[in-house]
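Here is the structure we will look at, set down as C-alpha cells.
The values are calculated or read from the model by the stated rules, or taken from the named source; none is laboratory data. Everything numeric in this text was worked out from a predicted model, so none of it was measured. Cβ coordinates were reconstructed from backbone atoms using ideal geometry, including for glycine residues, and neighbour counts include every protein chain displayed.
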Amino acid sequence: MPAPDLARIVSLAKRRGFVFPSSEIYGGIGSSWDYGPLGVELKRNVKEAWWRSMVYERDDVVGLDSAIIQNPQVWVASGHADNFTDPLAECPSCHKRYRPDHLDDPEKCPDDGAALSPARLFNLMFKTFAGPVEDSASQVWLRPETAQGIFINFDNVLTAARAKLPFGIAQIGKSFRNEITPGNFIFRTREFEQMEMEFFVKPGDDERWHAHWIEERLAWYKALGIREENLRLRAHEPGELAHYAKATSDVEYRFPWGWGELEGVANRTDFDLSQHEAASGKTMKYFDQEANEHYFPYVIEPAAGADRAALTFLFDAYDEDAAPTGDGKEETRVVLRFHPDVAPVQVAVLPLSRNAKLTPTARAVHAQVRRAFRAQYDDAQSIGRRYRRQDEIGSPLCVTIDFQTVESDNAVTIRNRDTMAQERVPIAELTDALRSALRAMGSARV
Ligand code: GAP
C-alpha cells in the first residue's frame, strides 16, 4: 500500500483523536497542533522507546532535563544569535514572506508571480522578556535546540555521574523556532519536541563514533517497524552543514511530498564546548587520566524530532484492505499497522454487546489486562464497528467476551489486527497469551 496523502492522515488524526488543530474554536493558529487522547499516547510511546534505547539499554548514556529559558549568553556563545538564520524574501505586491530556497523559482512570488525582494537572513529564535521590565537587559530567547542545555551542564554531569569518555547525555524536550514557512501538518511547526543525545568522545575517535551512531539511529526506526524502503541516509553537502558541524548525515523518510529529514546525526567536533569555555571562562575540558592531559571532547549528536517521528509512524502504519462484514460480504477497512511498542492501545477489551450478563466478566478481564498492557474498554455500538474502530486506531489485539465465556467455558477470543485470526484462550491464560501474541507482532517490551 503506498503512503496515503497528507489530507487523509490529517482527517483520520482529527476524527480518531490523534491530533487537533490548536485553538480551533478561535479559528486556529497557523502550524500549532494539539495531541488528543491517542496522539499523546503515540508520542509518549515514541519518546519512551527512544529513552529506553538511548539511556536504559546503555551503560554509557545518562539523562538530563534542562531549562527552556537560559542565560542569553548561551546563544551568543553557541553561534545561534548570529548564525541560526534562514533566508527570507518578501513579495512587494501581496507582502507574503517566503523561504526562497524552498521555492521552485526563488525569484518569483508563487502566488502572484511578482519579483521577490532580495533575500535577507532571518533569525529563527523566538524572543521574549524575563520579568516585568521589557528592555534589552531582560530579553531572552526560547531555546531552538535542547542540545545547548547539555553542553552548559557538561561539567556538572561529568562530576556528578563520575563519567569517563566515551559517554553521552540525552534529553527530550520542547524547542521553538520561528519558522518562515511551517507546514505539512506536524512535520514543521514552530513549537516541537526534540530527542537529542550528545555523545562525547576522544578527538580522533569521532569519525568512528559518527558512523556508529548513524547506523544505530537508522536501525531504531527499522526495529519499530518503519518499512526499510521508506528510509534512507543522506550525507549533507558541505554548503548545507550547520555552523557547528564537520559532517552530518540525515535519516530520511519517504513522505508523500518527497524525502524529508527525520533526524540529523552530526559531528559537532569540539565547537560548542570550546565556545562555552571561551565565553564563560569556566573549564569545559575533560581530564584524561590515562593520557594525563586535558582536552575538549568531540561530540557526536543524534538529534531527532518526536513530532516528526510520530507523524512517520502514522504514515508508515496506514493501510487499507478488505475485511469480512459478517454477512458474507467484504468492505474496505482502514488499518494502522502500528508496531505494538508504539501503538496507543495494545489490547482492546470488548464485550460482545452491552449486556448485564457480560459486563462484570468483561470489566474483570479489563482489570486483569490493563495491569500488563495499554488497554482500552469499549462496549458501545456493534462488535463489527468496534473492530473497525480498533483497526483504525491501530490496536494490535482485541479480546472479546461473549455468552459462551460466562455460560460455559470461561474463555475469551483474541483477535489479531493483521491476520484477523481469532484464538480462544482461557481467561486464566490470557495475560501470557497476549504477551506472546504481541511479541510475535514485534514487541520487545511486553
Ligand atoms: N541540535 C541539532 C538540531 O537541532 P536539527 O536538524 O535542526 O538539529 C533536529 O533538528 C530534529 O528536530 C530534526 O531532524 C527534526 O526531526 C526536528 N525538528 C527541527 N525543526 C523542526 C520543526 N520546525 N518542526 C518539527 N520538528 C523539527
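Do the conditions hold for D327, that is, is it surrounded by fewer than 19 Cβ atoms within 10 Å (Cβ to Cβ) and within 22 Å of the chain's Cα centre (by Cα)?
It is false that D327 is surrounded by fewer than 19 Cβ atoms within 10 Å (Cβ to Cβ) and within 22 Å of the chain's Cα centre (by Cα).
What strands (runs of 3 or more DSSP E), lying completely within segment 272-336, carry at least 2 residues that are assigned by TED's automatic domain parsing to the domain that holds G168?
Ranges flagged: 286-288, 293-295, 298-305.
Give me a count of the residues in segment 191-209 that are away from the ligand (no atom under 13 Å from the Cβ) and either in contact with a Lys or Arg (Cβ under 7 Å, 6 or more places away or on another chain) or over 17 Å from K164 (Cβ atoms) (or both).
Qualifying residue count, segment 191-209: 2.
Determine whether segment 333-341 contains at least one residue that is under 14 Å from the mean Cα position of the chain (by Cα), within 16 Å of the ligand (Cβ to nearest atom) and within 16 Å of G394 (Cα to Cα).
No, because not a single residue in segment 333-341 is under 14 Å from the mean Cα position of the chain (by Cα), within 16 Å of the ligand (Cβ to nearest atom) and within 16 Å of G394 (Cα to Cα).
Quick check on this structure: which one of F199, F176, F154 is under 17 Å from the mean Cα position of the chain (by Cα) and not acidic (D, E)?
Just one listed residue meets the conditions, F176.
Condition check: more than 9 Å from the ligand (Cβ to nearest atom), closer than 30 Å to I29 by Cα, out of contact with any Phe, Trp or Tyr (no Cβ under 7 Å at 6 or more places or on another chain) and at pLDDT below 95. Does G183 satisfy that?
Yes; evaluated as a whole, the condition is true for this residue.
Can you tell me which residue is nearest to L88 (Cα to Cα) among those in segment 122-145 that are in contact with a Leu (Cβ under 9 Å, 6 or more places away or on another chain) and within 16 Å of the ligand (Cβ to nearest atom)?
Here the answer is F122.
Just for strands (runs of 3 or more DSSP E) wholly inside segment 127-223: which have at least 3 residues that are under 23 Å from T283 (Cβ atoms)?
Counting at least 3 such residues, we get 167-176, 191-201.
Can you go through A367, A372, A362 and tell me which one is free of Cβ contacts under 8 Å to residues at least 60 places away in the same chain, surrounded by fewer than 18 Cβ atoms within 10 Å (Cβ to Cβ) and of a type in the set (A, V, I, L, M, F, W, C)?
Going through A367, A372, A362 in turn, just one is free of Cβ contacts under 8 Å to residues at least 60 places away in the same chain, surrounded by fewer than 18 Cβ atoms within 10 Å (Cβ to Cβ) and of a type in the set (A, V, I, L, M, F, W, C): A367.
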